[in-house]
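Working notes, beginning with the structure itself.
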Amino acid sequence: GENVEQHPSTLSVQEGDSAVIKCTYSDSASNYFPWYKQELGKGPQLIIDIRSNVGEKKDQRIAVTLNKTAKHFSLHITETQPEDSAVYFCAASIITPLVFGKGTRLSVIA
Amino acid sequence: EAGVAQSPRYKIIEKRQSVAFWCNPISGHATLYWYQQILGQGPKLLIQFQNNGVVDDSQLPKDRFSAERLKGVDSTLKIQPAKLEDSAVYLCASSSSGTSGSLYEQYFGPGTRLTVT
């Protein structure tokens, strides 16, 4: 079955800097790659996703890139703000079910 | 649009007791999922329903876990008897049938934090 590895497990950045989180997946048939943000005491919130027929997608300060050949995808957050502090999860699937990485705890230091 | 609702938000039980969790998905979403999230890990799928039928329950420990979605809307997840290793957050998610949204996008509820002592 699918296996998703996520790095780093923790990331601290200064406010205004960029943050990059990387994931690799094992099943070349996976075609959907969402990113979720989870704040303390809340459920995961979908922040951006990408499908296998697209190499990059951007939404304001957030972007995701996908390299199907290397089977890895990345989340890029620019101009980080304190409210970006949370745990971020990547996932991969062939529609369903989602297989999640172990998460990255992002801390944005003001 | 109202999100996925779950209750209770917190539950503390002793091992060998039983517990039940309730989920109400986003209106019109045909697909409902239950995930288990152990502290420090990503969510892991337990069971997936399409309307009131089970699509995938391959990772559900069926000797102690059961789930149902009788009328294709609300769902309950039950654990009986609970073990210490069942301590986790139980998340419910839903996604549309595709007629009014993306098949792919899953929306999560706030979760139920279960502590087994």
Could you work out, for segment A:27-109, what percent of all Cα-Cα pairs fall into each 10 Å distance bin, beginning at 0 Å and stopping at the bin that holds the largest distance? 17, 51, 27, 4
Among B:ILE47, B:ALA67, B:ILE79, whose Cα projects farthest towards the positive end of the dipole of chain B, with charges put on the beta-carbon of Lys, Arg (+1) and Asp, Glu (-1)? B:ILE79
I need the semi-axes of the equivalent ellipsoid of the protein assembly as shown: take the C-alpha gyration tensor, multiply each eigenvalue by 5, square-root it, list largest first in whole angstrom. 29, 21, 16
May I ask for the distance between the Cα centers of segment A:1-23 and segment B:1-76, given as a whole number of Å? 28
For the pair A:SER52 and A:ALA70, the simple spin-label estimate (label points 7 Å beyond Cα toward Cβ) gives in nm 1.9
Looking at chain A as a GNM with Cα springs under 10 Å, which of A:ASN31, A:ASN67, A:ASN53 has the largest mean-square fluctuation? A:ASN53
May I ask you to list the lysines whose Cα is less than 19 Å away from that of B:LYS44, ignoring any residue fewer than eight positions away on the same chain? A:LYS37, A:LYS42, A:LYS102, B:LYS62, B:LYS78, B:LYS83
Report the relative contact order of chain B, percent, no decimals, based on alpha-carbon pairs under 8 angstrom and at least 6 residues apart. 36
State, to one decimal in nm², a quarter of the convex hull surface area for the C-alpha atoms of chain B, i.e. the direction-averaged projected area. 6.9
Only Lys, Arg (+1) and Asp, Glu (-1) charged, at Cβ; chain B dipole about Cα centre in debye: 380
In debye to the nearest 20, how big a dipole does the protein assembly as shown give about its Cα centre with +1 on each Lys and Arg Cβ and -1 on each Asp and Glu Cβ? 540
Which aspartates and glutamates, if any, have their Cα less than 18 Å from the Cα of A:LYS71, not counting same-chain residues under 8 positions apart? A:GLU2, A:GLU5, A:ASP27, A:ASP49, A:GLU56
Using the Cα centre of the protein assembly as shown as origin and beta-carbon charges of +1 (Lys, Arg) and -1 (Asp, Glu), tell me which of B:LEU114, A:LEU46, B:LEU91 is placed farthest towards the positive end of the dipole. B:LEU114
Count, for each residue of A:96-105, the Cβ atoms from other chains sitting within 10 Å of its Cβ, then give me the mean as a whole number. 6
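Ignore the peptide's own chain and count Cβ atoms of other chains within 10 Å of each Cβ in A:44-55; give me the average, rounded.
That works out to 2 on average.
Bear in mind that the values in this text are calculations on the coordinates, not laboratory data. Predicted, not measured: the structure shown is a model, and the values here were computed from it. Virtual Cβ from ideal backbone geometry, glycine too; neighbours counted across all protein chains shown.
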